[in-house]
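Everything on this sheet refers to the single structure shown next.
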């Protein structure tokens, strides 16, 4: 199928889906997701390629130079994926990359599960369970497929399908940059908070890891909070909701692993 035919096909599909209001986002955020799982994976791989090709903007740490740091991160990721709660555990990549930028307090996960964490947020946090809470939150956005729904709302279906079909390199760069501060709906954010608790609860981690992260933000007055929280619900409200959900699961107290997290932080570039 050539590109013109594929573009026409997608246009007709969009019209049909819009007419019948199909594929509404499960969290009740009002978004519509026209992408399939295969589209998510293709789109995520394209974004990852864009990041890999732009080391000036995204100075990714080489896994060969920092094997211990990556081994540590992948162990946390594997604990979450093996919790039995990640729906698309075997569908998505879940590849991890560390971006060496201490001034940026951020983390994000592309559609299809390509995960990026900045050294800034790694060094901002105090314990492994806090980091696992953040990682679980970002994994949830991809697992619940919030990203493609939010990107569709922000950029429009035509732009995203032109990227997916490889027809608009300029838009790919724009969308990649947009993922850093992607605005999710309140429903999506709350759902990802709850999924983070559910992912961590069966593991050795304390399921309240994300709550401790938000408590840290609240204690700082929110002024030094991560960029990706700029449009999120109030941290205090999120702490209450996370703890309530943790209690509803049974209130099992897990580990925080402060010491080994500090060792991980010290293994990164100063």
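Is there any pair with a first residue in segment 252-266 that is at positive phi and at pLDDT 95 or above and a second that is surrounded by 13 or more Cβ atoms within 10 Å (Cβ to Cβ) and in a helix (DSSP H, G or I) whose Cβ atoms are under 8 Å apart and which are 6 or more apart or on different chains, and what are they?
Pairs that qualify, where the first residue is at positive phi and at pLDDT 95 or above and the partner is surrounded by 13 or more Cβ atoms within 10 Å (Cβ to Cβ) and in a helix (DSSP H, G or I), are 257/128; 257/129.
If you take the residues of segment 38-55 that are part of a helix (DSSP H, G or I) and loosely packed, with under 14 Cβ neighbours inside 10 Å, which of them is modelled with the lowest pLDDT?
Looking only at segment 38-55, we keep the residues that are part of a helix (DSSP H, G or I), and these are 38-52.
Adding the requirement that they be loosely packed, with under 14 Cβ neighbours inside 10 Å leaves 38, 49, 52.
Working: 38: 90, 49: 93, 52: 94.
Out of the qualifying residues, it is 38.
Could you count how many residues in segment 160-194 are within 30 Å of residue 237 (Cα to Cα) and outside any helix (DSSP H, G or I)?
4
Answer with yes or no whether residue 131 is at pLDDT 95 or above, crowded, with 20+ Cβ neighbours inside 10 Å and within 16 Å of residue 45 (Cβ to Cβ). Before you say what the answer is, go through the steps one by one.
Values: at pLDDT 95 or above: yes; crowded, with 20+ Cβ neighbours inside 10 Å: yes; within 16 Å of residue 45 (Cβ to Cβ): no.
No, not satisfied.
For residue 142, indicate whether it is at negative phi and either within 12 Å of the chain's Cα centre (by Cα) or touching a residue at least 24 places away in the same chain (Cβ under 8 Å) (or both). Reasoning before the result, please.
On the way: at negative phi: yes; either within 12 Å of the chain's Cα centre (by Cα) or touching a residue at least 24 places away in the same chain (Cβ under 8 Å) (or both): yes.
Taking the combined requirement at face value, the residue satisfies it.
If I filter segment 137-156 for residues that are in contact with a strand residue (DSSP E or B) (Cβ under 8 Å, 6 or more places away or on another chain), at pLDDT 80 or above, crowded, with 24+ Cβ neighbours inside 10 Å and farther than 16 Å from residue 36 by Cα, do I get at least one hit?
Scanning segment 137-156 turns up at least one residue that is in contact with a strand residue (DSSP E or B) (Cβ under 8 Å, 6 or more places away or on another chain), at pLDDT 80 or above, crowded, with 24+ Cβ neighbours inside 10 Å and farther than 16 Å from residue 36 by Cα.
Out of all the residues in segment 9-27, is one or more touching a strand residue (DSSP E or B) at 6+ places or on another chain (Cβ under 9 Å), modelled with pLDDT of 50 or more and surrounded by 14 or more Cβ atoms within 10 Å (Cβ to Cβ)?
Residues of segment 9-27 touching a strand residue (DSSP E or B) at 6+ places or on another chain (Cβ under 9 Å): 17-18, 21-25.
Adding the requirement that they be modelled with pLDDT of 50 or more leaves none.
No, segment 9-27 contains no residue that is touching a strand residue (DSSP E or B) at 6+ places or on another chain (Cβ under 9 Å), modelled with pLDDT of 50 or more and surrounded by 14 or more Cβ atoms within 10 Å (Cβ to Cβ).
How many residues does segment 77-127 contain that are surrounded by fewer than 18 Cβ atoms within 10 Å (Cβ to Cβ) and farther than 25 Å from residue 65 by Cβ?
Summing the residues that are surrounded by fewer than 18 Cβ atoms within 10 Å (Cβ to Cβ) and farther than 25 Å from residue 65 by Cβ in segment 77-127 gives 8.
State all residues of segment 195-211 that are crowded, with 22+ Cβ neighbours inside 10 Å and in a helix (DSSP H, G or I); if no residue qualifies, say none.
Passing the criteria: 195, 196, 197, 199, 200, 209, 210, 211.
Of everything in segment 157-190 that's touching a strand residue (DSSP E or B) at 6+ places or on another chain (Cβ under 8 Å) and at pLDDT 75 or above, which residue is surrounded by the fewest Cβ atoms within 10 Å (Cβ to Cβ)?
Going through the qualifying residues, I end up with 182.
The values are calculated or read from the model by the stated rules, or taken from the named source; none is laboratory data. No experiment lies behind these values; they were computed from the predicted model shown. Backbone-built Cβ (ideal geometry, glycine too); neighbour counts: all protein chains shown.
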